[in-house]
Amino acid sequence: MREQWNTKLGFILAAIGSAVGLGNLWRFPYIAASNGGGAFILPYLFAILTAGIPILILEYTLGKTYKSGAPGTFARINKKFEVLGWFQVAISFLITVYYFAIVVWVICYLGYSVTLAWGDDSTTFFVANFLEATSSADGTGGLNTKLIIPFLIVWAITAFIMYRGINKGIDLACKICLPILLLCVIIIVIRGLTLPGAVDGLAYMFTPDWSKIASADVWVAAYGQVFFSLSIAFAIMISYSSYLPEKEDVVNTAFLTACTNHGFEIFAGIGIFAIIGYMASVQGVAVEEVAAGGIGLAFMVFPTAISTLPALNALFGVLFFLSLFTAGVTSLISIIQAVISGVQDKWELSRNKATTAVLVPAFIVSFAFITRSGLDYLDFADYIANNFGIVLAGVIEVVLIGWFFKPEKIRQVANLNSNFSIGVWWTWCLKVVTVVVLGYTFISNMIVYVKEGYGGYPSWIGIVCIAFLVISAIVFTAIKGKPGFYERPEGAPGYDD
């Protein structure tokens, strides 16, 4: 019998824990600020309503109804759809192996915060002293030996959680990590708002630039952030929801998860940019000169800000990196679970065997990201996964369900045990709005990449990466699974119904 979440709260916390990842704490405020500030909120809310929540409802319903991870779910709808599930699993595996490295960096910086070890030049410390980064990704540059012990610690924590399963592992980890994360972020926000110059940072994040709202790039950024934020279209939410009880209200749960996640996102952004505003005032420069997206903010900009605080620098540094660590752990285990579910379901393996089958190769591959070229590898893998892999998987998912499998069947199932019903707007969002926006996003990203490349890397490397994900999906689809893998649960709609 398939394991189930002990409580609805456990599932919601796990889903929120997956969505509230490392990137959310720095990515949303930067994306908002650089795409119109307050004006960005409107396309972002529109994207949540027309893509985020509809796809979240779709994936919750699919997982709960077909009682399987992404490959099994799509195979039980139509065997020809199975390859999409494995493509999503392949993306999750790719994200898994480089996400480990980021959590390793975070746990190291958690220790560095006690003594503010990064000194006066946090950028040089991060790139040269800490990562010992090479100038090129042509070779590995060898293992960065100072990362090996933290790397093994993160792997040990992850393996401990994953081998304990859904309730004793993932559920418990999220119930421990999320309250710590929330407490840390509350303190960060309060401290940030009390600093001089905080208002300048908030103005940079929220002041509307209405001239940008008509730009297609802003809308693409809004939809991209929604997918990034909610962990949709790469097998996670289908996997998590497959452990839900049959009568769970997926519609209400999807709205609750999305609203909680996005509310937290904005709340955390207030603290982040309040502190960046303070840092800008201390340096006597404009906020936009200080603000940076992604890794640069977390490991280069923020350590400098921590060092310049008027008091309790070390404590604040510990709180900041502790919040990143807890967010990183809850996201990491959700990504791995998406892969484990696919493997476990197709070959009807025990939990321990499936976990071993996933963790061993992931452990081996992830060593590449703690080499001296690891930063380059991570940067490129993250770019490919988020700008092409997830977007392409999302396009295919909504096309297959919206146009080649009647979404009305899914809508009826979703409404069956819901406190309030979703109407036909949900169907049209999937069939039209999301298809058009994601299709445009993928094509525009591909055109830009082919013309300009990314980060100086040869364009063919990205094409090879995508091809590898596709080929992996085809190979795993071709390998025969146990008969039960293809059997639909009673009452679950099939392609020919």
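The values are calculated or read from the model by the stated rules, or taken from the named source; none is laboratory data. Not measured: the values here are computed from a predicted model. So basically every Cβ, Gly included, is an ideal-geometry build from the backbone, and we count neighbours across all protein chains shown. These area figures cover heavy atoms from the full protein model, side chains too; ligands, DNA and RNA do not enter into them. Shrake-Rupley method; radii C 1.70, N 1.55, O 1.52, S 1.80 Å.
Take the residues in the range 219-236 that are assigned to a helix (DSSP H, G or I), out of contact with any Leu (no Cβ under 8 Å at 6 or more places or on another chain) and not hydrophobic (A, V, I, L, M, F, W, C); name whichever of them is nearest to V398 (Cα to Cα).
So, considering only residues that are assigned to a helix (DSSP H, G or I), out of contact with any Leu (no Cβ under 8 Å at 6 or more places or on another chain) and not hydrophobic (A, V, I, L, M, F, W, C), the one nearest to V398 (Cα to Cα) is G224.
Kindly provide the set of residues from the range 20-71 that are in contact with a Leu (Cβ under 6 Å, 6 or more places away or on another chain) and open to solvent by 10 Å² or more (accessible area, probe 1.4 Å), ordered by number.
W26, K64
Scan the range 438-456 and give yes if some residue there is farther than 19 Å from F227 by Cβ, open to solvent by 30 Å² or more (accessible area, probe 1.4 Å) and touching a Phe, Trp or Tyr at 6+ places or on another chain (Cβ under 7 Å), otherwise no.
Yes, the range 438-456 contains a residue that is farther than 19 Å from F227 by Cβ, open to solvent by 30 Å² or more (accessible area, probe 1.4 Å) and touching a Phe, Trp or Tyr at 6+ places or on another chain (Cβ under 7 Å).
Anything in the range 419-437 that is surrounded by 19 or more Cβ atoms within 10 Å (Cβ to Cβ) and either at pLDDT below 90 or charged (D, E, K, R) (or both)? List them, or say none.
V437 - this is the single residue of the range 419-437 that is surrounded by 19 or more Cβ atoms within 10 Å (Cβ to Cβ) and either at pLDDT below 90 or charged (D, E, K, R) (or both).
In this structure, is F363 of a type in the set (F, W, Y), assigned to a helix (DSSP H, G or I) and at pLDDT below 95?
no
Quick one: which of S307, S239, S281 is among the small types (G, A, S), out of contact with any Leu (no Cβ under 8 Å at 6 or more places or on another chain) and open to solvent by 10 Å² or more (accessible area, probe 1.4 Å)?
Unique residue meeting the criteria: S281.
How many residues are open to solvent by 10 Å² or more (accessible area, probe 1.4 Å), farther than 15 Å from P407 by Cβ and not aliphatic (A, V, I, L, M) if we restrict to the range 72-85?
Number of matching residues: 3.
Given the conditions (1) open to solvent by 60 Å² or more (accessible area, probe 1.4 Å); (2) hydrophobic (A, V, I, L, M, F, W, C); (3) more than 28 Å from E3 (Cα to Cα); (4) under 22 Å from the mean Cα position of the chain (by Cα), and given that L375 satisfies all but one, which numbered condition is not satisfied?
Only one criterion in (1) open to solvent by 60 Å² or more (accessible area, probe 1.4 Å); (2) hydrophobic (A, V, I, L, M, F, W, C); (3) more than 28 Å from E3 (Cα to Cα); (4) under 22 Å from the mean Cα position of the chain (by Cα) is unmet by L375, namely (1).
Could you tell me whether the range 415-424 includes any residue that is part of a helix (DSSP H, G or I) and touching a residue at least 40 places away in the same chain (Cβ under 8 Å)?
Looking through the range 415-424, at least one residue is part of a helix (DSSP H, G or I) and touching a residue at least 40 places away in the same chain (Cβ under 8 Å).
Of the conditions (1) more than 16 Å from T73 (Cβ to Cβ); (2) open to solvent by less than 10 Å² (accessible area, probe 1.4 Å); (3) not hydroxyl-bearing (S, T, Y), W403 clears all except one; give me its number.
(2)
How many residues does the range 440-497 hold that are under 17 Å from A385 (Cα atoms), assigned to a helix (DSSP H, G or I) and among the small types (G, A, S)?
Residues meeting the conditions: 6.
Among the residues that make up the range 312-333, is at least one of them surrounded by fewer than 24 Cβ atoms within 10 Å (Cβ to Cβ), at pLDDT below 90 and not basic (K, R)?
Yes, because at least one residue in the range 312-333 is surrounded by fewer than 24 Cβ atoms within 10 Å (Cβ to Cβ), at pLDDT below 90 and not basic (K, R).
Cβ contacts < 7 Å: first residue touching a residue at least 40 places away in the same chain (Cβ under 8 Å), restricted to the range 472-488; second residue among the small types (G, A, S), any location; separation 6+ or different chain. Result?
S472/A90; A473/A90; F485/G72; F485/A75; Y486/A75; R488/G494
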